[in-house]
Amino acid sequence: MDLNTLKQFLVVARLEHLSRAAEELRVAQPSLSRSIARLESELGTPLFDRSGRLRLNDTGRLFRDHVERALGELDAGQRAVAEATSAGLGTVRLASETFLTLTGPLAAFKQAHPAIEIELHWSLAEDMARRLRAQDIDLCVASQPIHAEGLESARLFGDVVGVGMPLDHPLAGRASVSMDDLAEQAFITARRGHWLRRLLDRLFAAQGRAPKIVCESDEQAAIPELIHAGLGIGLVPGFARRSATRTPITWVAVDNPDCRREVTLHWGAGSHLSPAARLMRTTITSWDWGVG
């Protein structure tokens, strides 16, 4: 059971697809299939269900969690040695669902610590806890609190989320809108898994409805542009509304107390945080988020 096989297993477990995993790893698919089969033989049990599409089974998920932690500890040890034997402060790895919120503190951090390398990882909130425990990332910023064991957190700010709409939209002159007002509206939103989409789905589900979605975008920054183009309306956080923008759209409050987000910084409890990660944590938690 060598490190290369374990790393290959993690890729196959993440993608649940041998050919895509082989392509990402740049190995031949038959060779990768034999490596996974040898690993299962050594463990004495299958790690994947192979009836139809390849699926990680319960035993595979259990083994994956242990492998991630083991390789994470090894990587942390290598980084700790590198930090101890070099004059620099190393690298900080920060994950988030969107980096638009973090441009201020990131710019300030880079100006104050130009020698520190910053790695930015886009990540869904549902993957963050696992990546923190595996020490694949040092810190993460989520737009909803992550309720998982083995994490520590610091609340950064609460943010009211409203609806962005074109200036000439029939609801644009309203001080606020209700969920009934939004029931038949065409929405532009993010793909499933993104906090903006989860919030939209949750608001409508509470009313026993589903939103009418006409566009799913991977680029959150493109949503206001698509709204301005008249393709629909969409949820827009108040933070983005307060930030400087050249896109002329109207922001209208939603008459629903659940239409908001809680932005939280998370890190692994008891994990080794490098000096660079500790400095980044201090910068983010001490940032004046009320400025916008």
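Axis of helix 195-205 versus longest Cα principal axis of the chain: the two differ by about 60°, to the nearest ten degrees. Between residue 26 and residue 219, the FRET efficiency estimated from the beta carbon spacing at R0 = 25 angstrom works out to 0.30. Distance between the pseudo-spin-label points of residue 201 and residue 253 (7 Å out from Cα toward the beta carbon): 2.9 nm.
How long are the three semi-axes of the equivalent ellipsoid for the chain, computed from the Cα gyration tensor as the root of 5 times each eigenvalue, in whole Å, largest first?
Numbers: eigenvalues 299, 141, 50 Å².
Output for the chain: semi-axes of 39, 27, 16 Å.
Given 0.36 nm per residue, what is the gain on full extension from residue 19 to residue 269 after removing their alpha carbon distance, in nm? Don't jump to the answer; show the numbers that get you there.
Details: separation 250, 0.36 × 250 = 90.00 nm, distance 3.59 nm.
Additional length available on full extension: 86.4 nm.
Treating r as the C-beta distance of residue 99 and residue 58 and R0 as 22 Å, the FRET efficiency rounds to 0.05. When the chain is described by a simple charge dipole with +1 on each Lys and Arg Cβ and -1 on each Asp and Glu Cβ, the residue from 169, 123, 290 located farthest towards its positive end is 123. Potential lengthening of the chain between residue 78 and residue 181 amounts to 31.5 nm, from the contour at 0.36 nm per residue minus the alpha-carbon distance. The magnitude of the dipole of the chain, with charges of +1 and -1 set on the Cβ of Lys/Arg and Asp/Glu and taken from the Cα centre, is near 160 debye. Against the chain, whose longest principal axis is taken from its Cα atoms, helix 3-15 shows a tilt of about 30°.
Between residue 5 and residue 41, the modelled label-to-label distance comes to 0.9 nm, taking each label 7 Å out from Cα in the direction of the beta carbon. The C-alpha atoms of the chain define a longest principal axis, and helix 103-112 lies at about 50 degrees to it. Among 147, 272, 266, the order by Cβ neighbours within 10 angstrom, fewest to most, reads 147, 272, 266.
Readers should treat all values here as calculations from the given coordinates under stated rules, not as data from a laboratory. Everything numeric here is computed off the predicted structure, so don't read it as measured data. As a convention, Cβ positions derive from the backbone with ideal geometry for all residues, glycine included, and neighbour counts pool all protein chains shown.
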